[in-house]
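A quick write-up on the structure given underneath.
The values are calculated or read from the model by the stated rules, or taken from the named source; none is laboratory data. Just so it is clear, the model here is predicted, and its values are computed rather than measured. All Cβ positions, even for glycine, are placed from backbone atoms using ideal geometry, and neighbour counts span all protein chains on display. Heads up: the accessible areas ignore ligands, DNA and RNA and are worked out on the full protein's heavy atoms, side chains in. Shrake-Rupley method; radii C 1.70, N 1.55, O 1.52, S 1.80 Å.
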Amino acid sequence: MAHQTDLNKVGREAFVLLEEYLRRRGPPPSPPRSSTHQYYNYAPPKNELHSVRDPKEFDGVLIVTRRVPWRNYAGQNHCFHIIFLCSSPRLRRSNWKKRKGLNQGHDTQPAMASKTVVDLFCFSVLVLCMASPSLQQEIFDPMDFEAMGDGETDDGQALVDAWDSACEHRAPAIFVIPKRTFLAGPGTFEGPCRVTPKVQILGTVKAVPSMNDYYNPGWFEFKHLDGLEIGGGGTLDGQGAASWNKTNCPPKRSCKSLPISMRLLRVSNATIANLTFINSKGFHIGVQQSSSVTISRLQISAPADSPNTDGIHISRSDNVMITSLKIGTGDDCISIGQGANNVQISDVTCGPGHGISVGSLGKYMNEEDVSGVSVRNCTVSGTTNGVRIKTWPGSPPSQASNFTFEDIIMHNVSNPIIIDQHYCPDHQCVVSPSRVKIQNVTFRRIQGTSNDPVAVKLMCSETMACENVHLQDISLIMENSTATSNITSSCSNAKGVAVGLQNPESCLC
């Protein structure tokens, strides 16, 4: 038989755990007095209570009540057990069976039986949540963290607090922004988490308009997370109109970019779906240093004259899939920056804006190579470019390779097909050639209308000629015209082949 002092130590430690639990969760109600409140012998795992030795060492039993469900003050479902640590050798299994039989009678008998057991055999009684609330899925709502949800009070801290609590939860959690209108400054939703919470944006969140509140590149910034899921059908409104006149990007290279509405940084196995983004201050979505990201079923919009409001920008990331989007902004619908690999884009409706672009590349020193971009089954309307690869003149050396643009429909587009290695929006660039090497590029089955008589432009570097450019089945005509003879192509330092229908006539050599 274990010494009484050992049992007392266990009891004291158990009550410390109980006190901490009650402090965090509030005390549970008393157990119901009913005939269903049955008792049974129970041997817990060694790690169930701190410092509890193997129950076999005790000449006694650990008696636990039946699991009792209850709801706390916040309406969350929990459960608890009443536990008796019994040390008396007088308790024998045959006697216990007789006492257990008392549960067959009226409702008051189990309570009398439990009282007898406590008085005669048990030195301590404690209440523990055996099925801990932290092991159950919970919903974390910023309204429970003092958010106002009136669209006028900055609720940014409440959103972050709700996220932090969800991130610390030991089981699956849902971070919910309910169907209200929230005003919020910048927030960082950071991991790693015990289990990455699902994010459900059901309402509308508006960004604080003043730029004085922004200290990070992102407004909503999710970072260091695996398995992130963001959805819900809600709206993120960047309220960017007041900020657009404060940027010179472009044309100045040294300008500071405005905040990205939703930025993913060092995130893996993530999805963003079923949301609306409007009027971002800077890019609407940025994916940086991330992998295995799927973006689908979004609507992204900003005025055609809003500067640098790219729909989605991807850099230093791999295995990114973008599908089923409608994007219209003042810049690129989708832009693929340095270090992007294996990016698949499909079923995107683009316009207004600057089209779907790889680049710009070569703006900074030590940029990483770009490889493996496919753009398929897209429609581009009323944009200043269609599908484009752009690099800065005078750029440091890097490589851009393995691009496929196919099954693209153009409606009233300037520059439907363009490689531009002289990209210089402010017309104040150095005169030396770009050193970004472009190769293995395919334009296949591209048709529609151009509002520029030069519909295909392949303007490559004087020192780094584009190689293995492949044109197949190109059918472009001038907008508001049925003639095919008044549209042309232009090539410079581009090497490759053209097969199938070519309108305009190919300039490749």
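Return the total of residues in region 446-476 being in a strand (DSSP E or B), aliphatic (A, V, I, L, M) and surrounded by fewer than 20 Cβ atoms within 10 Å (Cβ to Cβ).
Residues in region 446-476 being in a strand (DSSP E or B), aliphatic (A, V, I, L, M) and surrounded by fewer than 20 Cβ atoms within 10 Å (Cβ to Cβ): 2 in total.
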- Task: Within region 417-425, identify whether any single residue is open to solvent by 40 Å² or more (accessible area, probe 1.4 Å) and out of contact with any Ser or Thr (no Cβ under 6 Å at 6 or more places or on another chain), and answer yes or no.
- Result: yes
- Query: Does at least one position in region 302-314 carry a residue that is surrounded by fewer than 24 Cβ atoms within 10 Å (Cβ to Cβ), in contact (Cβ under 8 Å) with a residue 24 or more places away in the chain and over 17 Å from ALA241 (Cβ atoms)?
  - Reply: no
- Note on the structure: Of the listed residues (THR383, THR404, THR323, THR349), the one being part of a strand (DSSP E or B), open to solvent by less than 50 Å² (accessible area, probe 1.4 Å), closer than 23 Å to SER280 by Cβ and of a type in the set (Ser, Thr, Tyr) is THR323
- Within region 137-161, of all residues that are among the small types (Gly, Ala, Ser) and more than 20 Å from LEU265 (Cα to Cα), the one surrounded by the most Cβ atoms within 10 Å (Cβ to Cβ) is ALA147
- Item | Scope region 441-480; condition of a type in the set (Gly, Ala, Ser) and under 16 Å from PRO416 (Cα atoms); matching residues | GLY448, SER450, ALA455, SER475
- Task: Confirm whether LEU361 is within 23 Å of PRO217 (Cβ to Cβ) and touching a Leu at 6+ places or on another chain (Cβ under 9 Å).
- Result: no
- Is there a residue in region 402-410 that is of a type in the set (A, V, I, L, M, F, W, C), within 25 Å of ASN377 (Cα to Cα) and touching a Cys at 6+ places or on another chain (Cβ under 6 Å)? yes
- Quick check: is even one residue across region 290-297 surrounded by 18 or more Cβ atoms within 10 Å (Cβ to Cβ), outside any strand (DSSP E or B) and either of a type in the set (Phe, Trp, Tyr) or modelled with pLDDT under 95 (or both)? no
- Query: Restricted to region 249-285, and to residues that are among the polar types (S, T, N, Q) and closer than 17 Å to ASP331 by Cα, which residue is modelled with the lowest pLDDT?
  - Reply: SER257
- Message: Against the condition small (Gly, Ala, Ser) and open to solvent by 40 Å² or more (accessible area, probe 1.4 Å), how does SER414 come out, does it pass?
- Response: no
- List every residue pair whose Cβ atoms sit under 6 Å apart, with the two residues 6 or more apart in sequence or on different chains, where the first one lies in region 438-460 and is touching a residue at least 12 places away in the same chain (Cβ under 8 Å) and the second, anywhere, is assigned to a strand (DSSP E or B) and acidic (Asp, Glu). GLN439/GLU467; ARG444/GLU406; ARG445/GLU406; ARG445/ASP407; ARG445/ASP473; MET459/ASP420
- Note on the structure: Selection over region 413-448 where residues are at positive phi and not small (Gly, Ala, Ser) yields a count of 4
